[in-house]
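To keep things clear, I will list the structure first and then write my remarks on it.
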Amino acid sequence: MPWREAAIVIAAGAVNLALTGLLLDRVFPPPVERAGAISTVVADRGGRPLRAFPVEEGRWRLAADLDRLDPAFVEALIAVEDKRFHDHAGVDPLAVLRAAGSAIANGRITSGASTITMQTARLLEPRPRTLASKAIEAFRAVQLEARLTKREILELYLTLTPYGGNLQGVRAASWAWFDREPDRLTPDQIALLIALPQAPEARRPDLRPRAAVAARARILGRMADLDLISPDRAADAAEAPAPDRHAFPGEAWHAAETVRRRAGAAEARSTLDIALQREADRLVRALAEEAGEGVQAAAVIVEIDGRAVRAAVGSAGRDRAGGWLDLTDRARSPGSTLKPLIYALAFDDGVAAPDTLIEDLPRRFSGYQPENFDRAFRGEVTVGQALQHSLNVPAVHVLDAVGANRFAAALDFAGGEPVLPRSAESDAGLAVALGGLGLSARQLAALYAALGDEGRALPLAWTPEAAAANRARETHRFVSPETAGEVLDILRRAPAPPGRMPSGLAAGAPDIAFKTGTSYGFRDAWAAGVAGGYAAVVWVGRPDGAPRPGETGRDAALPALFDLFDAVARTDPGFRTPRREVAGADPTPAALARFAPATAPPQILFPPDDAEVWSERPGREFVLAARGAGDLDWYVEGEAAPADAAGRPVWAPQRPGFYRLTVVDRAGRESTTRVRVRMP
């Protein structure tokens, strides 16, 4: 055959082979998607791992990142496993020739020719070790090289490499055998991480320590031959014992699960502080153990700035009944912890003031007759005293004036999302004042954080991004700054728990504004408080809701709340802040000097009669305010007024002119005001 014809045949064959390869590449792309799910690692605010989550079948598979691997390990791995990794296109021809020559000379296979890329292809698509499989792996390796960078191939390999048992990838192996990230490794650790994937089950340090040590020694010798370490260092490293297996990070069990769901990333940094989380976990566990068998406890600590959750303990341990439940996220009756919020709305609505006199006497409210916890009555007290001593009758009386539905809507607006009893259908009843609805510890923490943030309502933040978004967002107000300050000032003057010096007498100590709560039948014991830029909540009870006679929030939960604030002070040097002066120290208006039973029609506070209202645009909303008994209904020109997200009645005039506004209470008593609206 003439040389020209031979050249044409060879060229045609090459073109045909290339086209066939392209066709196969298109029809059978490399199964990179089979890399599968990656274990999520939740870290604290400083990047310290809190908890890792396994993937399918309980496997630990952590994503490898070359920037977080010891460069000495990467250098040794490539030198030992595939020294021309950065030069070949997936298949190393020199290694293939060397392996073939060795096999011919020895009559058997004595060395392999698999590159790191070919091994990656085998990890993605496991096959029997045959020559046909090798050919497929070589083809897949070329495909991978055409699609991925060398860095991506190496990271994929180091993510999927088996290390024995349920360990996949160098990071999982490093955590299991060395209890740390593989960013700084000793020579013996580097050698073991290279040796294990060659025979992961046969060399497992926990099951076959002698085989692991021997394989590690061979790799150390190879590293010395390649001048990666000195022979003396290799000999010293070979003397290290086989490592024990360590547990993966498993702190903040419930809180980390919340972060994982919200972050949706393999590496999820949280707002949690590992030191404070450990302190809170210890305190909650001790609290439950002291309370007795079958009792659980939970706690939440929130930094008010940004609403960053710094610690959240969902239970006192999974070894106790109900310990698998996240009890910070379960709705329970909050007892009297709602009373500060009721009085806050009353102050904001102009229904009462801290120095308003109110009667603590037996009283019936439409068939409902509350009693105080000690079944005694104090007679005439101020509203502030009623809150400090958690008197029930005044709280119900004030809620009756605020309106139970208005209160429930305000809680929902502020992020409380209260769960009303089924028997109440769509309406909240006056029993709400004593805990007759459901809130979780998280929701209660958000509500108390609003009091500590001058009345601003924001959701809790579990990630730094969410906290930053909270700081930037336009906030809703639960109550005014003056009202929030008045309520906290009252709570600061409440009696401290037994054995505790009042904060006002302790030099440098922050003033803790706190409230306790005990649900009906002693089922739930609560303590919630605000101090030093933080809000905290403690819950104690049985997960099944069984009663615990005699266990009150003051006795069972309040000491732990003070301990939590002590823990915050130890972990945050800026916690011990000087007491903030309370705004709104004006004298109590004469109209609010005494909380009188509502026998008169409701009194319209805004807009007053014959007023002129300026609106810079059509549709601007004005909040309507009135003082009266219970829930009030508003009408504008005979049409029911809508409510805003906080449950407050609003009026949005669309044009200038005269308007008639009417408010009606449940007894049918009404008041009317006539106003004029002006617009540009």
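Coordinate-derived values only; no laboratory data. Keep in mind that what you see is a predicted model, and the values were worked out from it rather than measured. Reconstructed Cβ throughout: ideal geometry from the backbone, glycine too, with neighbour counts over all protein chains shown.
Can you tell me the 0 to 90 degree angle between the C-alpha axis of helix 558-571 and the longest principal axis of the chain, rounded to 10?
It works out to around 50 degrees.
Short version: ³J(HN,Hα) in whole Hz for each residue of the range 355-362, in order, from phi by Karplus 6.51 cos²θ - 1.76 cosθ + 1.60 (θ = phi - 60°), x for Gly and Pro, what are they?
The phi angles translate into 9, 4, 7, 9, 8, 9, 9, x Hz.
Return the lysines within reach of LYS515: Cα separation strictly under 20 angstrom, same-chain partners fewer than 8 residues apart disregarded; answer none if there are no such residues.
Those lysines meeting the cut-off are LYS339.
On the first, second and third principal axes, largest extent first, how far apart are the outermost C-alpha atoms of the range 120-222 in Å?
Cα extents, longest axis first: 37, 29, 28 Å.
Report the far tail of the P(r) of the chain, meaning the percent of Cα-Cα pairs longer than 45 Å.
Numbers: 98703 of 230860 pairs.
In whole percent, the long-distance tail amounts to 43.
Which whole-number value in Å³ per residue fits the convex hull of the alpha carbons of the range 158-295?
Working: hull volume 22.7 nm³, N = 138.
Dividing the Cα hull volume of the range 158-295 by its residue count gives 165 Å³.
What order do you get for 288-300, 53-65 when each peptide is scored by the mean count of other beta carbon atoms within 10 Å, highest first? Each step should come with its number before you reach the end.
On the way: 288-300: 20.8, 53-65: 16.5.
The densest-packed peptide leads the list: 288-300, 53-65.
In 10 Å bins starting at zero, report the fraction of Cα pairs in the range 270-414 per bin as a rounded %.
Using 10 Å bins, I get a P(r) of 10, 29, 25, 26, 9, 0 for the range 270-414.
Give the residue list of trypsin sites (Lys or Arg not before Pro) in the range 641-680 that are DSSP loop and have at most 11 other beta-carbon atoms within 10 angstrom.
Numbers: sites: ARG660, ARG666, ARG669, ARG674, ARG676, ARG678; in loops: ARG666, ARG669.
Taking the range 641-680 and a limit of 11 other Cβ atoms within 10 Å, no loop trypsin sites (Lys or Arg not before Pro) are found.
Note the angle between two axes, namely the Cα long axis of helix 339-349 and the longest principal axis of the Cα atoms of the chain, as a number of degrees from 0 to 90, rounded to the nearest 10.
60 degrees
With +1 assigned to the C-beta of every Lys and Arg and -1 to the C-beta of every Asp and Glu, and no other charges, what is the dipole magnitude of the chain about the Cα centre in debye, to the nearest 20? List each step's numbers first, then the result.
Working: 82 positive and 87 negative charges, 322 e Å.
I would put it at about 1540 debye.
If each DSSP helix of 4+ residues adds -39,500 (n - 2.57) and the sum is divided by the residues in the chain, what number results at 222 nm, nearest 500 deg cm²/dmol?
-11500 deg cm²/dmol
For a protection proxy built on the mean count of beta-carbon atoms within 10 angstrom, sort 368-375, 398-405 highest first, please.
Values: 368-375: 12.8, 398-405: 23.8.
Those peptides, ordered most packed to least, come out 398-405, 368-375.
Please quote Rg/Rh for the range 41-90 to two decimal places, taking the Kirkwood radius as Rh and restricting both calculations to Cα atoms. Don't skip to the end; give the middle numbers.
Numbers: Rg = 15.6 Å, Rh = 13.8 Å.
Using Cα coordinates only, the ratio equals 1.13.
Specify the inter-centroid distance of the range 223-265 and the range 55-79, based on alpha-carbon positions, in whole Å.
The two parts, judged by their Cα centres, are 10 Å apart.
With an 8 Å cut-off on Cα pairs and a minimum separation of 6 or more residues, tell me the relative contact order of the range 441-560 in percent.
Details: 204 pairs, mean separation 28.4, N = 120.
RCO, the range 441-560: 24 percent.
What translational D, rounded to a whole number of µm²/s, comes out for the range 291-592 from Stokes-Einstein when the hydrodynamic radius is the Kirkwood one over Cα pairs, at 10 °C and 1.306 mPa s? Display every interim value, and only then the final one.
Working: Rh = 19.3 Å.
Approximately 82 µm²/s, per Stokes-Einstein.
Can you list the aspartates and glutamates whose alpha carbon sits under 13 Å from that of LYS83, skipping same-chain ones fewer than 8 residues off?
By straight Cα distance, LYS83 reaches GLU75, ASP92.
Subtract the Cα-Cα distance of ALA247 and ARG655 from 0.36 nm times their separation in residues, and report this length gain in nm to one decimal.
Numbers: separation 408, 0.36 × 408 = 146.88 nm, distance 6.91 nm.
Result for the pair: 140.0 nm of gain on full extension.
Can you pull the three principal axis extents for the Cα set of the range 603-678, in Å, largest first?
The Cα atoms of the range 603-678 stretch 35, 28, 19 Å along the principal axes, largest first.
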